[in-house]
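Below is one structure, written out as structure tokens; comments come after it.
The values are calculated or read from the model by the stated rules, or taken from the named source; none is laboratory data. Fair warning: this is a prediction, and the values are worked out from it, not measured in the lab. When we count neighbours, we look across all protein chains shown, and the Cβ atoms used for this are built from the backbone with ideal geometry, even at glycine.
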Amino acid sequence: RNWTSVKEYEDIKFDFFEGIGKITINRPRVYNAFRPKTVLELIDAFDICRERQDIGVIVLTGEGDKAFCSGGDQNVKGHGGYIDEGGVPRLNVLDLHKRIRSLPKPVVAMVNGYAIGGGHVLHVVCDLTIASENAIFGQSGPKVGSFDGGFGSSYLARHVGQKKAREIWFLCKQYSAKEAEDMGLVNTVVPFEQLEDTTVEWCKIMLQRSPMALRMIKRGLNAELDGQTGIMEMAGDATLMFYLMEEAQEGRNAFLEKRDPDFQQFPKFP
Ligand code: 1HA
């Protein structure tokens, strides 16, 4: 497969192949833990994916065969957050969660090893998860002095139910790919050698589907969970579609032509 690099970064890789944008956390020495800079680069790459017309699906993964992501880099955890290069403590991965959920294209987590702590939450917020057989899942916050009561808990509970979500957080156990599949935490599990092939296969199917239909389904599934923000994003897309209709054009034209609009010409669907 001929992935071509979209943009060079320090902590991540960003590649493109036939409609797919692949974003790889590239810090294998620390099991792909993220520091504030890693998160800024991820946000930048996801923003590019949102804009690019030739990208229809995004894959998030980790470099190597050991880890998808091990969460926040404990080496830079300080008072109030993960310390950036300017000395400022940050929890900017929460901004990344919001972006992944509001990105109007499917995002697939390709989990190639440990998805632990904040790394586990990253796969939780993706639309689909495809895991290799060696993948291991779990939260670790209460063990290492952290917790994510945001998407990392409430959205997790939507995947696996309240009892399991509480078990995952309270005990900080690690779960095999098979266990994760059984509890509805991942979509499918494949041998490591087939991980990328399967992921690309799933992406290619989604690339054949109507992008607007996928977009609206993602919005609809989010809207129920995301309250006013979810409704806002869905309503935004309703406005987008309205602007594609003659009825909306008539309003603008009438204004610019300084005449009364004639909305009666348009059908009122039952
Ligand atoms: O909770 C949040 C947040 C909540 C709200 C808002 C923002 C948040 C942002 C982040 C987070 C968090 O992510 S908290 C949770 C942080 N992560 C962890 O607690 C996981 C730490 N890692 C482990 O438990 C284990 O490394 C492991 C289960 C993933 C793998 O264990 P294993 O196979 O025994 O390997 P290990 O030797 O431990 O790790 C391999 C190398 O990777 C080690 O480096 P070495 O000693 O060889 O030099 C290890 O130190 C490094 N490493 C692994 N995880 C991290 C890490 N280095 C820094 N940070 C890590 N997270």
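Descriptive notes on the structure:
- Filter pass, residue 259 being more than 19 Å from the chain's Cα centre (by Cα), in a helix (DSSP H, G or I) and surrounded by fewer than 13 Cβ atoms within 10 Å (Cβ to Cβ): no
- Options 1, 99; residue that is of a type outside the set (Gly, Ala, Ser) and modelled with pLDDT under 95: 1
- Within the range 88-108, residues that are closer than 25 Å to residue 77 by Cα reach partners that are in a loop (DSSP other than H, G, I, E, B) with beta carbons closer than 6 Å, at six or more positions or on different chains, in the pairs 89/80; 90/84.
- Of all residues in the range 66-75, none are within 16 Å of the ligand (Cβ to nearest atom), part of a helix (DSSP H, G or I) and among the charged types (D, E, K, R).
- In the set 195, 185, only one residue is touching a helix residue (DSSP H, G or I) at 6+ places or on another chain (Cβ under 6 Å) and either crowded, with 18+ Cβ neighbours inside 10 Å or among the polar types (S, T, N, Q) (or both); that residue is 185.
- Of all residues in the range 127-141 being crowded, with 22+ Cβ neighbours inside 10 Å and either within 14 Å of the chain's Cα centre (by Cα) or without any contact (Cβ under 8 Å) to a residue 24 or more places away in the chain (or both), the one that is nearest to the ligand (Cβ to nearest atom): 129
- Every residue from the range 46-65 that is part of a helix (DSSP H, G or I) and over 18 Å from residue 200 (Cβ atoms): 46, 47, 48, 50, 51
- Test: residue in the range 161-182 that is outside any strand (DSSP E or B), of a type in the set (Asp, Glu), surrounded by 13 or more Cβ atoms within 10 Å (Cβ to Cβ) and in contact with a Ser or Thr (Cβ under 9 Å, 6 or more places away or on another chain): yes
- Selection within the range 38-53 - touching a residue at least 24 places away in the same chain (Cβ under 8 Å) and out of contact with any Asp or Glu (no Cβ under 9 Å at 6 or more places or on another chain): 44, 45, 46, 47, 48, 49, 50, 52
- Residue match in the range 32-45 (condition: away from the ligand (no atom under 14 Å from the Cβ), of a type in the set (Gly, Ala, Ser), within 27 Å of residue 208 (Cβ to Cβ) and assigned to a helix (DSSP H, G or I)): yes
- Within the range 91-121, being β-branched (Val, Ile, Thr), within 9 Å of the ligand (Cβ to nearest atom) and not in a helix (DSSP H, G or I) holds for one residue alone: 116.
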